[in-house]
Amino acid sequence: MVVATLALAAMGVLLGGGLGFAARKFAVTDENPLIKEVNELLPGSQCGQCGFPGCGAAAVAMVEGTASVTCCPPGGAALAERLAEMLGVSVDTSQMAAPLLAKVVASECIGCTRCYRACPTDAIVGASGQIHVVLEDACTGCGKCRDACPEDCVLMVPQEQTLDTWRWDKPAAA
């Protein structure tokens, strides 16, 4: 019994050590570190408004140059400018609209929970038969809740200006 236990322990140590060595020796490390940096800047909500299945795919496309740095509507102009600086490209954010956020009109909400179930970021809170509220910090403005609402009580409103999102309009040429 002791010999069998020692034999299994020795095999476990040898095979575990071999797997650890193989993991280090054959690790794939040719991933571009810039992709990771761009992905960390993106909202990470996987809303799909950029046309990609998630923020990781959008980051890869931006680094490869197949997607514009302005393709992320939830990030707005502030994110586009940070990405342009990081990737070394020029960007014109003057035509970008402010990011939109969902807002529930409380007087019209019947509490059906359809908006709650449609939200990919869990930005809507409420219970069945109760009024729902949107958590602005979690909302990406994808509009899925507006499309799911049978009462049309979800509105998409521009995000309020903050120090990160405020932009000074360029003066008109004289």
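The values are calculated or read from the model by the stated rules, or taken from the named source; none is laboratory data. What you are looking at is a predicted structure, and each value in this text was computed from that prediction instead of being measured. Note that each Cβ is placed from the backbone with ideal geometry, even for glycine, and that neighbours are counted across all protein chains shown.
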W166: passes all of (1) farther than 23 Å from G54 by Cα; (2) modelled with pLDDT under 90; (3) surrounded by 13 or more Cβ atoms within 10 Å (Cβ to Cβ) but (3)
For A102, the lone unmet condition from (1) at pLDDT below 90; (2) not basic (K, R); (3) not in a helix (DSSP H, G or I) is (1)
Filtering region 97-113 down to residues that are over 15 Å from T140 (Cα atoms), surrounded by fewer than 18 Cβ atoms within 10 Å (Cβ to Cβ) and not small (G, A, S) yields V105, E108, I110, C112, T113
Within region 67-99, the count of residues that are acidic (D, E) and not in a helix (DSSP H, G or I) comes to 1
When region 123-135 is checked residue by residue, the ones that are in a loop (DSSP other than H, G, I, E, B) and surrounded by 14 or more Cβ atoms within 10 Å (Cβ to Cβ) are A123, G126, I131, H132, L135
